[in-house]
Amino acid sequence: MAASSPFTTLSTALSSCCSSPASDRSPSLSGISLAFHFHNHSPFLSSSARFSPVSRPTVSTNVRCLSNSVNPPVAMEQVVAAMEQVKLLTSVNDQHGGVIVELSEPIHPGLFASMLRLSISEWRKLGKKGVWIKLPIELCSLVEIAVKEGFWYHHAEPTYLMLVSWLPGGVHPLPPNASHRVSVGAFVMNENREVLVVQENSGVFRGTGIWKFPTGVVEEGEDLCTAVVREVKEETAIDAEFMEILAFRQSHKAYFEKSDLFFLCMLRPISVDVQRQEAEIEAAKWMPWDEYVAQPFVQSTGFVKHISDICLAKVDGDYTGFSAIPTSSSGGQMGCVYQNAQGLRR
């Protein structure tokens, strides 16, 4: 027979106590002392009261049981709260009248549910509005509990989920998840008027024989000018220096329903020996410019034809793009402003 959990034992004891006739209980007892040996997975243990696997502390409590005619049956959630003195979830205030909860330690779902309900009640009293809960992926079992309390998904990253709730109800002003992906393309031409091109071995261009500019996605916290240099190095082993942003395009429904911002960048090659990246690139080489633009793909695709004309105009000195000017934000973070430096000087 499987051993009863502390929660089951307590429930059985309370049920027996509260349903038995008052005459069957000793009048000299004001309550019944219940002692349990709790294990690490006990629902009564908070994240701040854990112990080593070898320890088995004894937790005792007095539960007063009177007849049903005096007190109603004790709800198990109330018993848990009384035993543990359930506390509020640890949170910090955000800048918009809300709070942020960031969980990092394991917590039993039953205890989390009680703490969340108690916290929501307190936040409402304090006039808090948006509530953000950051759940590490290890605590994904708590998602259903939060959803039942009115939370919804805001975004997900490899290591966590972000849930949010708007306590006042109705239409909320909370900012949506990121709506755009940022990608870059590299126009790299050498002194022989040859352009650096690749053939991809995956995606829509796989097996088409199309030669195209190296492209890639900007990583979190990465500047455009850094990202495009990195992508060229990864795909072709060519070292290059960022010169200008020549143009950019916004497209929609491009990647999991997200929009895409594509920045065409001009780079100056520093090295000359091309070595393809085997994981993503089928082939890479320097190709004469006229041969590149003569491809049917370039001539028949409006966007590609347009950016080819821009690249040629830049090479011939008839076009000026946007240079990266290092600058800092009001918070002291460094970044770049991309501007037409030549036009500004004029």
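The values are calculated or read from the model by the stated rules, or taken from the named source; none is laboratory data. Because the structure is a prediction, the values reported are computed rather than measured. When we count neighbours, we look across all protein chains shown, and the Cβ atoms used for this are built from the backbone with ideal geometry, even at glycine. Side chains are part of the model used for accessible areas, which takes the heavy atoms of the whole protein and leaves out ligands, DNA and RNA. Shrake-Rupley method; radii C 1.70, N 1.55, O 1.52, S 1.80 Å.
Restricting attention to region 201-215, the residues being modelled with pLDDT under 95 and open to solvent by less than 40 Å² (accessible area, probe 1.4 Å) number 1. For region 163-180, the condition holds for no residue, the condition being that it is within 30 Å of VAL274 (Cβ to Cβ), part of a strand (DSSP E or B) and touching a residue at least 60 places away in the same chain (Cβ under 8 Å). Close Cβ contacts (under 6 Å, 6 or more residues apart or on different chains) running from residues in region 131-142 that are under 19 Å from ASP94 (Cβ atoms) to residues that are among the β-branched types (Val, Ile, Thr) comprise VAL131/VAL99; TRP132/ILE100; TRP132/VAL164; ILE133/VAL101.
Pairing residues of region 208-229 that are on the phi < 0 side of the Ramachandran plot and of a type in the set (Val, Ile, Thr) with residues that are surrounded by 14 or more Cβ atoms within 10 Å (Cβ to Cβ) and assigned to a helix (DSSP H, G or I), at Cβ distances under 7 Å and at least 6 apart in sequence or on separate chains, gives ILE210/PHE297; THR215/GLU231; VAL218/LEU224; VAL218/ALA227.
Every residue, every condition in (1) crowded, with 19+ Cβ neighbours inside 10 Å; (2) of a type in the set (Val, Ile, Thr); (3) modelled with pLDDT under 95, yes or no:
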position	(1), (2), (3)
CYS65	yes, no, yes
HIS96	no, no, yes
ILE107	yes, yes, yes
GLY110	no, no, yes
ALA113	yes, no, no
ARG117	no, no, no
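Enumerate the pairs (first residue in region 306-333 and within 17 Å of GLY221 (Cα to Cα); second residue anywhere and modelled with pLDDT under 85 and open to solvent by 60 Å² or more (accessible area, probe 1.4 Å)) with beta-carbon separation below 6 Å, excluding pairs fewer than 6 apart on the same chain, so at least 6 apart or on different chains. Here the result reads SER328/MET334, each pair linking region 306-333 to a residue that is modelled with pLDDT under 85 and open to solvent by 60 Å² or more (accessible area, probe 1.4 Å). Once region 316-346 is narrowed to residues that are modelled with pLDDT of 90 or more, open to solvent by 50 Å² or more (accessible area, probe 1.4 Å) and not in a strand (DSSP E or B), the residue that is nearest to ALA227 (Cα to Cα) is TYR319. Residues in region 219-277 that are of a type in the set (Asp, Glu) and open to solvent by 90 Å² or more (accessible area, probe 1.4 Å): GLU219, GLU220, GLU257, ASP273.
Out of everything in region 169-199 that is closer than 30 Å to VAL131 by Cα and open to solvent by 80 Å² or more (accessible area, probe 1.4 Å), what residue ends up being modelled with the lowest pLDDT? The extreme case among them is PRO176.
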